[in-house]
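To start, the structure itself, in structure tokens.
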Amino acid sequence: MSVGPARLRRVGRSAAFFDLDKTVIATSSALAFGKPFYRDGLITKRDVVKTAFAQFMFKRSGADEQSMARTRDYVAQLCKGWKVEQVKQIVNETLHELIDPFVYAEAAALIEEHQAAGRDIVLVSASGEEMVQPIGAQLGVTDVIATRMKAADGRYTGEIEFYAAGTAKVEAVRKLAAERGYELADCYAYSDSVSDIPLLAAVGHPSAVNPDKGLRREAVERSWQILEFRHPIPLGRRLRSRPAVPVAAAALGLGVGVAIGIAWYGRRRRARAATT
């Protein structure tokens with residue numbers, strides 16, 4: 001189902017809220033940075049695989065409040081003691097390599113269409129704001145609702161100040177709408193996950209993007225628009241080849257080869273060391 005400028009008409013001040021993983025980018029933002037975090041000794045290989053499996057189960061089965069709480073607590077303890085500036089440096093140094101090639105051309109085009117129609121764009125993601133903000137900057141997006149970790153003396157304390165998932169996302173969206181005068185009935189929202197049903201239900205124009213099984217079923221029952229994005233294109237190519245791929249395309253399968261990625265990264269490091 002194609003989405004074009006005629007549909008995205010101006011209707012006063014409003015916003016388009018985009019989930020990040022598998023909606024704007026064809027990967028997990030948190031898992032994408034697993035390799036450099038592993039390289040710099042912040043996490044172990046076991047942590048990477050465990051996190052990948054947890055996300056796979058999350059995507060496959062959805063998430064209730066209890067499982068999201070477990071994920072939140074695991075992430076908090078995993079990051080305890082990390083230097084805030086070190087994390088920001090790793091993200092900034094590897095963003096172009098790890099995230100840019102995975103931005104869906106359809107999502108980038110849709111963001112531009114909303115901006116042309118005068119809407120604010122807001123990324124809403126359970127990933128940490130240290131990751132989400134730089135990704136947003138690449139897309140020309142400055143408004144972010146993301147997980148915030150507590151820090152003291154330049155290090156994460158192992159506590160989470162705000163976990164941007166489930167109903168907490170919706171509360172943050174409603175708060176932002178009240179502050180800025182958005183009419184949620186005129187707003188748009190895009191997500192791939194069944195956990196974001198409350199977010200999609202809160203706006204007047206919800207769309208399920210590459211939906212998991214639970215969200216697809218709900219979208220069909222509620223007659224929500226279903227979009228399939230399948231063309232991740234690096235930023236340089238997007239800029240050279242506008243107009244971008246049509247906003248609607250065919251389906252894209254799920255899957256993150258974390259173990260393969262780690263193995264590839266290890267081989268590359270060994271080869272580089274041998275060359276040196």
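Taken together, the values in this text are just the output of simple stated rules run on the coordinates, not laboratory data. Treat the numbers as computed from the prediction; the structure is a model and nothing was measured. Positions of Cβ are backbone-derived with ideal geometry, glycine not excepted, and every protein chain shown enters the neighbour counts.
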Legend entry - Estimated distance in nm for a label pair at D143 and Y74, the labels positioned 7 Å out from Cα along Cα-to-Cβ: 3.2 nm
Inset, instruction - Just grab the label-to-label distance for K88 and K50, each label 7 Å out from Cα along the Cβ direction, in nm (one decimal). - result: 2.8 nm
Inset, instruction - Search the structure for amide H atoms under 5 Å from the amide H of A164, placed 1.01 Å from N in the peptide plane, and list their residues when 5 or more places away or on another chain. - result: T147, R148
Legend entry - Dipole of segment 61-205, positive end: most advanced residue of L123, A146, A76 [Cβ charges, Cα centre]: A76
Inset, instruction - Please give, to one decimal in nm, the separation of the simple spin-label points placed at E171 and D40, each 7 Å out from Cα toward the Cβ. - result: 3.1 nm
Inset, instruction - Could you pull out every residue, at least 5 positions away or on a different chain, whose amide H is within less than 5 Å of the one on A151? Hs are placed 1.01 Å off N in the peptide plane, and Pro or chain starts have none. - result: T157
Inset, instruction - Provide the gained length on full extension for the span R155 to A116, in nm with one decimal, where the gain is 0.36 nm per separating residue minus the Cα-Cα distance. - result: 10.0 nm
